[in-house]
1. HN-Hα J couplings of the stretch 93-108 from phi, Karplus 6.51/-1.76/1.60, θ = phi - 60°, integer Hz, Gly and Pro as x?
2. According to the Cα gyration tensor, what semi-axes, each the square root of 5 times an eigenvalue, does the equivalent ellipsoid of the chain have, listed from largest to smallest in whole Å?
3. Fewest to most neighbouring Cβ within 10 Å: what's the order for Ile43, Ile9?
4. State the Cα centre-to-centre distance between the stretch 24-67 and the stretch 68-120 in whole Å.
5. Specify which residue in the list Ser85, His27, Phe13 is farthest towards the positive end of the charge dipole of the chain, using unit charges on the beta carbon of Lys, Arg (+1) and Asp, Glu (-1), about the Cα centre.
6. What is the helix-to-structure angle for 22-48, meaning the angle in degrees between its Cα long axis and the longest Cα principal axis of the chain, kept from 0 to 90 and rounded to the nearest 10?
Amino acid sequence: MQNAGIRDIFERFHSMPISRSTSLCGHVLTSLVSNAISVVVIILVALLMGFVCGLLPCLAVARILMLFTLALTWVAAIAGLSAKSVDGASAFSYPIIFLPFISSAFVPTESMPSVVRAFA
């Protein structure tokens, strides 16, 4: 039922004299704003818990996270546009979800196979 409402909104957008990329750019901008709010909340909680950090390092981390979010959002948007169905578009996110687990954060790289070690 909710998808019908979204479909109606986009049909309305298509009937209006706006650029076709406007809704896509709006989605990316919304993603950046929501992630910026999350980063601010996380940094504030870390500071309240006693994390000591200068202003410039905090801003640098926030900038890196925003650029990473921007890149992944555009990659996901491209995959969503090229998918033939909603299920195909949502299946794209599964490899991205598991990428953090192929890192040295959970397991030492010495114990990984050579191909995975080179990636991690």
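1. For the stretch 93-108, the Karplus curve yields 6, 4, x, 5, 5, 8, 4, x, 6, 9, 8, 7, 6, 10, 9, x Hz.
2. 33, 24, 12
3. Working: Ile43 17, Ile9 11.
Going from sparsest to densest Cβ surroundings: Ile9, Ile43.
4. 21 Å
5. Phe13
6. Relative to the chain, helix 22-48 is tipped by roughly 30 degrees.
Since every read-out is calculated from the coordinates, none of them should be taken as a lab result. Given the structure is predicted, the values throughout are model-derived calculations rather than measurements. Reconstructed Cβ throughout: ideal geometry from the backbone, glycine too, with neighbour counts over all protein chains shown.
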